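Asks: I'd like to ask some things about the structure below.
The values are calculated or read from the model by the stated rules, or taken from the named source; none is laboratory data. Remember, it's a predicted structure, so these values are computed and weren't measured experimentally. Here Cβ is always computed from backbone atoms with ideal geometry, including for glycine, and neighbour counts include all displayed protein chains. Accessible surface areas use protein heavy atoms only, side chains included; no ligands, DNA or RNA. Shrake-Rupley method; radii C 1.70, N 1.55, O 1.52, S 1.80 Å.
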Amino acid sequence: MRLATESRAIDADLIRACGDDLEAIDQSIRPGTVINVGGTIHSLASSAVQQRSETPRAAIRRVQDDLREFCQRAKVDRLIVVNLASTEPPPDVGDLPVGWTELDSLLDLPERCPLPASSLYAIAALDLGHAYVNFTPSLGAALPALVELAEQRGTCLAGRDGKTGETLLKSVLAPMFAQRNLHVMSWVGHNIFGNMDGVVLTDPANKAAKVTSKDKLLGEILGYTPQSLVTIEYIKSLGDWKTAWDHVHFQGFLGTPMTLQFTWQGCDSLLAAPLVIDLIRFTERAGRAGQTGVLSFLASFFKSPQGVCEPTFARQYEMLLAWAQSLA
Ligand SMILES: NC(=O)c1ccc[n+]([C@@H]2O[C@H](COP(=O)([O-])OP(=O)(O)OC[C@H]3O[C@@H](n4cnc5c(N)ncnc54)[C@H](O)[C@@H]3O)[C@@H](O)[C@H]2O)c1
């Protein structure tokens, strides 16, 4: 109801009309894990979840039992597991093995396993042959070993970090500067919003994952790295309504400094929801077509598309069209 009363994002009558469905969904919710999620997310969990002590493998087994039980109850064979949990701090995965067998052996050794909850959920899903989509900047399945696991189990994955607002505009506008040969000197983006994602991102460790995801495509698109700044600030009164103000300073003919400024105001949940639905539909279709491994044709949905080097929105969209045509 908070989306209706506090954020004025969804009509309260619509939420009331969906009351029975929402109640049924609530009944299916099970406790997750907060292994390696950092202090801020840990503090959001119930005390029962906080106090649970288990190895990464035990957490995976428990989640797998819940997934099996859900499949039985819902009478479905295949699931698409979508990660929509809070943004985790980026873990240090530099020394992790690239092969699944070696990574698998670390799951019994909590002290040597830096995998965060998002990756444990990914393993739980992929290992059972279910697809995994990561809508967040968290690590999830962005490891060679997990791509190998998906291929071994004949399933697929996609990620990461839904491209819903300011970064969507960046990936559309930056190619224009490149193609008109307008040299971008600096690109500053200030983001303010007041939902729970904003609370989590006030922690500098969690914010680091999001800022990297929002910032890195500029250099990839332009071919050089202008001075850039991305800020993300929690402003409680805004609720789910996000405002991004971007200031792009570029050079015109004879090096004349010029400026583009834009203001993007959108409701975060309403921007994300249709993308999540489409991601599920496309992933389901790809699974039915027997596709395994990384679904690179979904790149246009993500800020940091896994397995794809193409950062330009228009070309990413062409990949989606080509995939659709190949199925037709
Ligand atoms: N437009 C968008 O909304 C948008 C765009 C791109 C990415 N994202 C990402 O999607 C994620 C969700 O965004 P939101 O606005 O819905 O956030 P939110 O804070 O409203 O919801 C996140 C939920 O995840 C739960 N959670 C946190 N850690 C968990 C764990 N380990 N296991 C199970 N549950 C856990 C939290 O308790 C909370 O209920 C964030 O990572 C955000 O960065 C959102």
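Asks: What ranking of 26, 95, 278 comes out by heavy-atom accessible area, probe 1.4 Å, highest first?
Replies: From most accessible down to least: 95, 26, 278.
Asks: Also, I was wondering about something else. Excluding same-chain residues fewer than 8 positions from residue 207, which lysines have a Cα within less than 18 Å of its Cα?
Replies: The reachable lysines, counting only those whose Cα sits under 18 Å from residue 207, are 163, 216, 236, 242, 303.
Asks: Using the basic label-point model (7 angstrom from Cα toward the beta carbon), what is the residue 108 to residue 95 distance in nanometres?
Replies: With each label placed 7 Å out from Cα toward Cβ, I get 2.0 nm.
Asks: Continuing with this model, one more query. Return the distance in nm (one decimal) between the two label points of a simple spin-label model at residue 48 and residue 180, each offset 7 Å from Cα along Cα→Cβ.
Replies: With each label placed 7 Å out from Cα toward Cβ, I get 5.8 nm.
Asks: Next up: How many nm separate the modelled label positions at residue 72 and residue 22, each set 7 Å beyond the Cα in the direction of the Cβ?
Replies: Computed distance between label sites residue 72 and residue 22 equals 3.0 nm.
Asks: Only bridges whose two residues both fall in segment 166-267 count here: according to DSSP, what percent of them are antiparallel, nearest 5?
Replies: Within segment 166-267, antiparallel bridges account for around 70 percent of the total.
Asks: So what are the ³J(HN,Hα) numbers for segment 136-152, from phi and the Karplus equation (6.51, -1.76, 1.60; θ = phi - 60°), rounded to whole Hz, Gly and Pro as x?
Replies: Taking θ as phi minus 60°, the curve returns 10, x, 4, 4, x, 9, 7, 9, x, 5, 7, 5, 4, 4, 4, 5, 4 Hz for segment 136-152.
Asks: Let me ask another. Where both residues lie in the chain, what percent of DSSP beta bridges are antiparallel, nearest 5?
Replies: Taking every DSSP beta bridge within the chain, about 55 percent pair in antiparallel fashion.
Asks: Could you work out the longest stretch of the chain that avoids the trypsin sites (Lys or Arg not before Pro) located in DSSP loops with at most 12 other Cβ atoms within 10 Å? List each step's numbers first, then the result.
Replies: Details: sites that count: 75, 180.
Between the exposed loop sites, the longest stretch runs 181-328.
Asks: Considering only protein heavy atoms, what per residue accessible area in square angstrom results for segment 166-267 with a 1.4 angstrom probe?
Replies: On the way: 4990 Å² over 102 residues.
Per residue, segment 166-267 has 49 Å² of solvent-accessible surface.
Asks: A further question follows. Hey, what do the phi angles of segment 22-32 turn into as Karplus ³J(HN,Hα) couplings, whole Hz, using 6.51/-1.76/1.60 and θ = phi - 60°, x for Gly and Pro?
Replies: Karplus values, whole Hz, x for Gly and Pro: 5, 4, 5, 5, 4, 5, 8, 6, 10, x, x.
Asks: With every protein chain left in place, what is the accessible area of residue 317 in Å² (1.4 Å probe, nearest 10)?
Replies: Accessible area of residue 317: about 100 Å².
Asks: Then there is this: Search the structure for amide H atoms under 5 Å from the amide H of residue 159, placed 1.01 Å from N in the peptide plane, and list their residues when 5 or more places away or on another chain.
Replies: Under 5 Å from the amide H of residue 159 lie the amide H atoms of 134, 306, each far enough along the sequence or on another chain.
Asks: How much of the accessible area of segment 172-328, probe 1.4 Å, is carbon plus sulfur, in whole percent?
Replies: Roughly 59 percent of what the probe reaches on segment 172-328 is carbon or sulfur.
Asks: If you line up the long axis of helix 204-215 against the longest principal axis of the chain, both from Cα atoms, how many degrees apart are they, to the nearest 10?
Replies: It works out to around 60 degrees.
Asks: Using a 1.4 Å probe, how large is the accessible area of residue 190, given in Å² and rounded to the nearest 10?
Replies: Roughly 60 Å² of residue 190 is accessible to a 1.4 Å probe.
Asks: I need the phi-derived Karplus couplings for segment 235-243: 6.51 cos²θ - 1.76 cosθ + 1.60, θ = phi - 60°, integer Hz, Gly and Pro marked x.
Replies: 10, 3, 5, 7, x, 7, 8, 9, 10
Asks: OK, next. Using only the Cα atoms, work out Rg/Rh for segment 166-267, with Rh taken as the Kirkwood radius, to two decimals.
Replies: Ratio of gyration radius to Kirkwood radius: 1.01.
Asks: Same structure again: Hey, could you get me the Stokes-Einstein D for segment 104-234, Kirkwood radius over alpha-carbon pairs, 25 °C and 0.890 mPa s, rounded to whole µm² s⁻¹? Don't jump to the answer; show the numbers that get you there.
Replies: On the way: Rh = 16.9 Å.
Here the translational diffusion coefficient equals 145 µm²/s.
Asks: Ordering 309, 113 by how much accessible area each has at a 1.4 Å probe, largest first, what is the list?
Replies: 309, 113
Asks: Oh, and also: Excluding residue 160 itself, what net charge comes from residues whose Cβ is under 14 Å from its Cβ, given Lys and Arg +1 and Asp and Glu -1?
Replies: That works out to +3.
Asks: Classify segment 127-202 from the C-alpha gyration tensor, please: rounded if a/c falls under 1.5, else prolate or oblate depending on whether a/b exceeds b/c. Let's see the in-between values first.
Replies: On the way: a/c = 3.40, a/b = 1.64, b/c = 2.07.
Verdict is oblate for segment 127-202.
Asks: Quick one: accessible surface of residue 235, probe radius 1.4 Å, all protein chains present, in square angstrom to the nearest 10.
Replies: Only protein atoms counted, so the area is about 70 Å².
Asks: Please name whichever of 181, 164, 120 sits farthest to the positive end of the charge dipole of segment 86-200, dipole taken about the Cα centre and charges placed at Cβ: Lys and Arg +1, Asp and Glu -1.
Replies: Among 181, 164, 120, the one farthest towards the positive end of the dipole of segment 86-200 is 181.
Asks: Where Rh denotes the Kirkwood radius from the mean inverse Cα pair distance, what is Rg over Rh for the chain?
Replies: 0.97
Asks: Just to be sure I understand: of the beta bridges DSSP finds with both ends in segment 116-231, what percent are antiparallel, rounded to 5?
Replies: 0
Asks: Cut-off under 16 Å on the C-alpha distance; same-chain residues fewer than 8 positions from residue 170 excluded. Which aspartates and glutamates are left, in chain and number order?
Replies: The qualifying aspartates and glutamates are 161, 215, 220, 246, 310.
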